[in-house]
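This report concerns only the one structure given below.
The values are calculated or read from the model by the stated rules, or taken from the named source; none is laboratory data. Everything quoted here is computed from the prediction, not taken from an experiment. Please note: Cβ atoms are built from the backbone with ideal geometry, for glycine as well, and neighbour counts cover all protein chains shown. For accessibility, only protein heavy atoms count, side chains too; no ligands or nucleic acids. Shrake-Rupley method; radii C 1.70, N 1.55, O 1.52, S 1.80 Å.
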Amino acid sequence: MPPADPAPSLLLRNAELGGRRLTDLRVSDEMVTEVAPSLRRNNGEPVYDCHGAAILPGLCDHHIHLHALAARAASARCGPPDVTGLADLAEALAAAVPDRSGWIRGTGYTESVAGDLDAPAVDKYRADRPVRIQHRSGALWILNTAALAAIGVNTAAHPGVERDANGHPTGRLWRADAWLRSRLPATGPPGLTQVGATLLGHGITAVTDATPDLGARAIAAIKQAVAHGVLPPRICLLGAPLGTPLPGDQGKPGPTSGPYKIVLADSGLLSYDELADRIRIVHVAGRPVAAHCVTREALVLLLAALSDAGPRPGDRIEHAALVPPELVPELARLGVRIVTQPGFLADRGDDFLRDVPLADRPDLYRCATLLRAGIPVALSSDAPFGPLDPWAVIAAATTRRTPGGQVAGPGERITFRQALDAYLAPPGDPGGPPRRVSPGVPADLIVLRAPLAEAARLPDPVRAVFTGGTIAIEKE
Ligand SMILES: [Zn+2]
């Protein structure tokens, strides 16, 4: 019997690697196998010339929402920068194209556009079709009257259904995504092809989806997209239900379930006992918690409940949008990680500086203080609610510049290297030591357009992306 064909390999030449210019790499069997100043080309081996540009491990976005990103592509924009006032909103909704089921979906709404929207207000712009508009925080949906009728709101017992003094639904649904989805026409989750291509184009080869309470269909769609190479290869799902391991948990290809997402909603916090109990249940099920925590009150409550329930390695706090300095030692003592999004400062920092009391402004999206206290900090986008581009988020972490040109919390700026490292930590160890390219690591790699110091200043620094040792994307 003839010997099996040798595994296909690829030689990457003239890369900047770990600060050393003109290094060669060989990848084979989906792994980096050799790194040396000069490697001999094997017979017939394909060669990719990096022309002196940096090679990095693929980035990990540690907090993102895959299906919401896909859905946004098929939605009417109802917030800044495209829509900033009543006239824009009216125009966007009038022009919106309904989906297959006849619904119109809007995203990105915020009060600066037209105040506190409710059903009668949305009816004024569009009453002929059911309309649902998502607040840019992701915490609130606003439905028009046709939409309320279509979901049968009159028979709804969900606590997120906001009602006026007479008990009539206002059209505002708080933190009710899973419930709302169950009452919408079954069109299936939106396709993930475009999302996958966009992620890879930014050099992202791993993501942690932070959507809570993922349903079986959403998980199946993500598994399928990974299997077909549509999504980046490494996916962790914080919303995977407790007690149902995913393929990646058992060492097979496919998504892994990470820490378990708990939402400390900005509207109506869990009671202390409920929260501590929930943390215990998650820990007993063998998973750390990933607690969505935006306000100071939520952080105080979480830290007390976590201390009571007992922390577990891997516990993480999502956002930590406001961290008062007196809570920093407790964060360090409990050993929790922070997964935060300074990209929000570049996106809506002027709103924060206007709305957050002066005394609390230094507490916004802290980074440097946390790192100094030895707290692991991972960066992420929270896309589509925050800007997706990791290079823009890294820039925001280093400058903290708002769209209006102010600097939000200059003392919390971190260096380019620190911010990049916060995207290079492994998906299972956010805020941990950054991955480096060396023999034995998976060949999920990005080739930049220039050496690292120069590429850091480019708006689109990624030239090519390799996943599993084969080229996934090459740009002009
Ligand atoms: Zn999120």
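Taking label points 7 Å from Cα along the Cα-to-Cβ direction, Glu274 and Lys475 give a separation of 4.4 nm. What FRET efficiency do you get for Glu34 and Ala304 if R0 is 41 Å and r is their Cβ-Cβ distance, rounded to the nearest 0.05? For Glu34 and Ala304, the calculated efficiency is 0.20. Subtracting the Cα-Cα distance of Val284 and Glu330 from their residue separation scaled by 0.36 nm leaves 14.3 nm. Using the Cβ-Cβ distance between Glu454 and Ala157 with R0 set to 60 Å, the FRET efficiency works out to roughly 0.55. Placing dummy labels 7 Å off each Cα toward the beta-carbon, the span from Arg354 to Ala186 is 4.5 nm. Here's the picture: charge each Lys and Arg Cβ at +1 and each Asp and Glu Cβ at -1 in region 350-393, and of Gly374, Pro357, Gly386 the one pushed furthest to the positive end of that dipole is Gly374.
Over region 363-414, the Kirkwood radius and the radius of gyration, each from Cα atoms, give a ratio Rg/Rh of 0.96. Accessible area of Tyr125 (1.4 Å probe, protein heavy atoms only, ligands and nucleic acids ignored): about 60 Å².
With every protein chain in place and a 1.4 angstrom probe, the accessible-area ranking of Leu93, Leu184, Leu22, largest first, reads Leu22, Leu184, Leu93.
The sum of -39500 (n - 2.57) across all DSSP H runs of n ≥ 4, divided by the residue count of the chain, sets its helix-only mean residue ellipticity at 222 nm to -8000 deg cm²/dmol. Once both labels are positioned 7 Å from their Cα atoms along Cα-to-Cβ, the gap between Ser137 and Thr415 label points is 3.7 nm. Listed by chain and number, the lysines whose alpha-carbon sits under 30 Å from that of Lys261, ignoring those within fewer than 8 places in the same chain, are Lys223, Lys252.
The accessible area of Val377, taken with all protein chains in place and a 1.4 Å probe, comes to roughly 10 Å².
Within region 1-141, DSSP assigns beta bridges of which about 55% are antiparallel (rounded to the nearest 5).
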